[in-house]
1. Here are B:Glu58, B:Glu81, B:Glu70, B:Glu17: which of them is in contact with a strand residue (DSSP E or B) (Cβ under 7 Å, 6 or more places away or on another chain) and charged (D, E, K, R)?
2. Is it fair to say B:Gly41 is closer than 17 Å to A:Gly42 by Cα, touching a Pro at 6+ places or on another chain (Cβ under 9 Å) and open to solvent by 30 Å² or more (accessible area, probe 1.4 Å)?
3. Six or more apart or on different chains, Cβ atoms under 9 Å: show the pairs whose first residue is in the stretch A:1-23 and at positive phi and whose second is charged (D, E, K, R) and open to solvent by less than 80 Å² (accessible area, probe 1.4 Å).
4. What is the one condition in (1) open to solvent by 80 Å² or more (accessible area, probe 1.4 Å); (2) modelled with pLDDT of 95 or more; (3) farther than 14 Å from A:Leu76 by Cα that A:Glu15 does not satisfy?
5. Just give me the residues in the stretch A:20-56 being surrounded by fewer than 20 Cβ atoms within 10 Å (Cβ to Cβ), under 18 Å from A:Asn84 (Cα atoms) and more than 11 Å from every other protein chain (Cβ to nearest Cβ), in sequence order.
6. In the stretch A:57-98, which residue that is surrounded by fewer than 17 Cβ atoms within 10 Å (Cβ to Cβ) and facing another protein chain (nearest Cβ under 8 Å) is nearest to the chain's Cα centre (by Cα)?
7. So, in the stretch B:30-75, exactly how many residues are farther than 29 Å from A:Arg108 by Cβ, touching a residue at least 24 places away in the same chain (Cβ under 8 Å) and of a type in the set (Phe, Trp, Tyr)?
8. If the requirement is being at pLDDT 95 or above and on the phi < 0 side of the Ramachandran plot, which of these qualifies: B:Lys57, B:Lys69?
Amino acid sequence: DGGITQSPKYLFRKEGQNVTLSCEQNLNHDAMYWYRQDPGQGLRLIYYSQIVNDFQKGDIAEGYSVSREKKESFPLTVTSAQKNPTAFYLCASRPTGVYEQYFGPGTRLTVT
Amino acid sequence: EDQVTQSPEALRLQEGESSSLNCSYTVSGLRGLFWYRQDPGKGPEFLFTLYSAGEEKEKERLKATLTKKESFLHITAPKPEDSATYLCAELNSNRDDKIIFGKGTRLHILP
């Protein structure tokens, strides 16, 4: 089955710890994206990558970091510098030639 | 400022009661207008892409339309399983590859 997987579904961390969220796709999509969703707000773009070994900051990149060493994988690290890390994190990918993005199931991160 | 505004924020309908959801977008530079469905605790599911005014697309009980300043998602004779949050999003030439999402309309269909 082709698709986008995010793991884990739920993640709990203590304040001050870095945490890495996984995003893998076997759709052969070039572009990948990370969004954050908070209650009552639209999805906000954190980082995106249009090609391996290249990525750009989105609208709310502060306190986050990413890497894109393989086409299939785009992990997101939430660092201790992120002031309000508790949120629902969504990964998406997009094939070349179309505009629409396809989303994974999400990871709910809770930091206490 | 580029933004996508959806209305209403929430809508409760009886099963079979048709209605429409509204999405206002940034008119200048539109490259694509998207509709997604999102169930609680899950990732958004892609529904439609509209590119130009006058375009319409249908899928089961849903029909998306685009005018020169807004898009509508029409829901005909909805069923309880259509209950979800519907998200509208815009890709604009002023923002490269970055899509802007609206806050969504929470739709609840009562049996």
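The values are calculated or read from the model by the stated rules, or taken from the named source; none is laboratory data. What you are looking at is a predicted structure, and each value in this text was computed from that prediction instead of being measured. Here the Cβ positions follow ideal geometry from the backbone for every residue, glycine too, while neighbour counts run over all protein chains shown. SASA here: full protein model, heavy atoms, side chains in, ligands and nucleic acids out. Shrake-Rupley method; radii C 1.70, N 1.55, O 1.52, S 1.80 Å.
1. Working: B:Glu58 fails: in contact with a strand residue (DSSP E or B) (Cβ under 7 Å, 6 or more places away or on another chain); B:Glu81 fails: in contact with a strand residue (DSSP E or B) (Cβ under 7 Å, 6 or more places away or on another chain); B:Glu17 fails: in contact with a strand residue (DSSP E or B) (Cβ under 7 Å, 6 or more places away or on another chain).
Checking each option against the conditions leaves just B:Glu70.
2. yes
3. none
4. Against the list (1) open to solvent by 80 Å² or more (accessible area, probe 1.4 Å); (2) modelled with pLDDT of 95 or more; (3) farther than 14 Å from A:Leu76 by Cα, A:Glu15 comes up short only on (2).
5. A:Thr20
6. Step by step, filter the stretch A:57-98, then rank; the result is A:Asp59.
7. Of the residues in the stretch B:30-75, 1 are farther than 29 Å from A:Arg108 by Cβ, touching a residue at least 24 places away in the same chain (Cβ under 8 Å) and of a type in the set (Phe, Trp, Tyr).
8. That would be B:Lys57, the only listed residue that is at pLDDT 95 or above and on the phi < 0 side of the Ramachandran plot.
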